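The values are calculated or read from the model by the stated rules, or taken from the named source; none is laboratory data. These numbers were taken from a predicted model, which means no experiment stands behind them. When we count neighbours, we look across all protein chains shown, and the Cβ atoms used for this are built from the backbone with ideal geometry, even at glycine.
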Amino acid sequence: MDRRRHFSTFAAARPRVVNCFRYWKMFRAALEKPGAVAKEKGDALAAIKVAAKVVEADYEAPYLAHATMEPMNCTAQVTPERVDVWVGTQNPESTLAAAAAVAGIAPENGYVHNCFLGGGFGRRANPDHVRQAVTVAKALGGRPVKLIWTREEDMRHDGYRPMAAIRFRAALDANGMPVAYFNRSVTHSILSGIRPEDIKDGIDRTSVEGLATIPYGFPQYRIEHLIQTTHVPVWFWRSVGASQNGFVVESFLDEVAHAGGKDPVELRRQLLKSRSDWLHVLDTV
């Protein structure tokens, strides 16, 4: 049965022009504002202001769908006694809670038959498609229902990796070594939409993963963060903030090395002198 002919699973909406260009203007403007301080040592801004040479770079990461190989799907059956769902999920507990709530059945009478999944990447921690399948199954009074999203539905109704705009500045000494490091990120917050109580002092910790946690030993540094939300739904990607943050940090270090006339690997080795564990990894690979 094509459930779309019988159930309105996606609410109709008036077409509106929404694209990344509109949001880039918003995020770029936010980059010019001071952010909440996630981590700081010394006075990096003052050092950069008087430095003879400053390296600057801005990076941008768009909203991105998970695009798992296996489209979102779930088989559900609801009877007066129990609810069963057959689904590949990264979070069986939340899947069970969602299925039981929609079915109106106590959680102890809910059963999740977890299947192999064709790609998760964080997407299958969200039980939105499970709620849909159980809703349809409940309406059909005991008949099992298999729901499969089309690829178009999957791309349109995903929770996307958050958009981010990220700025870097570094001050170099006469030998080309960085003496101060500054980073400011503007990111659409995941936690503000699902667990706002986890936002501490204006910082979404998932957004600054890979930015406020870098191992490099800069003499002075300042890491700032701003939250910028839009109406676009966001969700966790595998590695969450580090999925783009690791790339932009390492890309900026390459730019710093080039500007200072340093070998990129040797620059990293110098900055990791106090972190023997990370230095060992770098030397090994």
| task | Just one of (1) more than 20 Å from the chain's Cα centre (by Cα); (2) assigned to a strand (DSSP E or B); (3) hydrophobic (A, V, I, L, M, F, W, C) trips up ALA174, so point out which. | result | (2)
| task | Test each condition in (1) touching a Ser or Thr at 6+ places or on another chain (Cβ under 8 Å); (2) modelled with pLDDT of 95 or more; (3) assigned by TED's automatic domain parsing to the domain that holds SER243 for GLY193 and report the one that comes out false. | result | (2)
| task | Keeping to the stretch 204-220, report how many residues are over 23 Å from LEU267 (Cα atoms) and without any contact (Cβ under 8 Å) to a residue 40 or more places away in the chain. | result | 3
| Residues (of a type in the set (Gly, Ala, Ser), without any contact (Cβ under 8 Å) to a residue 40 or more places away in the chain and over 18 Å from ARG169 (Cα atoms)) located in the stretch 243-276 | SER276
| request: Please identify the pairs in which a residue from the stretch 73-89 that is under 11 Å from ALA100 (Cα atoms) has its Cβ atom under 9 Å from the Cβ atom of a residue that is modelled with pLDDT under 95, counting only partners at least 6 apart or on another chain. | output: VAL78/GLY141
| remark: Per the list (1) outside any helix (DSSP H, G or I); (2) surrounded by fewer than 13 Cβ atoms within 10 Å (Cβ to Cβ); (3) at pLDDT 95 or above, residue check on LYS25 breaks on (1)
| request: Mind listing just one residue for me: the one in the stretch 131-182 that is among the hydroxyl-bearing types (Ser, Thr, Tyr) and under 30 Å from TYR23 (Cα atoms) and, of those, surrounded by the most Cβ atoms within 10 Å (Cβ to Cβ)? | output: TYR181
| field | Boolean, GLY122 is farther than 30 Å from LEU31 by Cα and either touching a helix residue (DSSP H, G or I) at 6+ places or on another chain (Cβ under 9 Å) or not assigned by TED's automatic domain parsing to the domain that holds PHE168 (or both) | value | no
| request: Please report, ordered by residue number, the helices (runs of 4 or more DSSP H) entirely within the stretch 222-285 with at least 1 residues that are in contact with a Lys or Arg (Cβ under 9 Å, 6 or more places away or on another chain), within 18 Å of MET163 (Cα to Cα) and of a type in the set (Gly, Ala, Ser). | output: 242-259
| message | Filter the stretch 238-285 down to the residues that are in contact with a Leu (Cβ under 6 Å, 6 or more places away or on another chain) and of a type in the set (Gly, Ala, Ser) and list them by number. | response | ALA257, GLY260
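Results for (1) closer than 30 Å to ARG156 by Cα; (2) over 27 Å from the mean Cα position of the chain (by Cα); (3) surrounded by 14 or more Cβ atoms within 10 Å (Cβ to Cβ), shown as yes or no for each residue.
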position: ILE214; (1), (2), (3): no, no, yes
position: PHE218; (1), (2), (3): no, no, yes
position: ILE223; (1), (2), (3): no, no, yes
position: GLN228; (1), (2), (3): yes, no, yes
position: HIS231; (1), (2), (3): yes, no, no
position: GLY241; (1), (2), (3): yes, no, yes
position: GLY260; (1), (2), (3): no, yes, yes
position: ARG268; (1), (2), (3): no, no, yes
| Here are some conditions: (1) in a helix (DSSP H, G or I); (2) touching a helix residue (DSSP H, G or I) at 6+ places or on another chain (Cβ under 7 Å); (3) touching a residue at least 40 places away in the same chain (Cβ under 8 Å). HIS129 meets all but one. Which one does it not meet? | (2)
| said: Going residue by residue through the stretch 194-210, is there one that turns out to be assigned to a helix (DSSP H, G or I), of a type in the set (A, V, I, L, M) and under 25 Å from ALA125 (Cα atoms)? | reply: yes
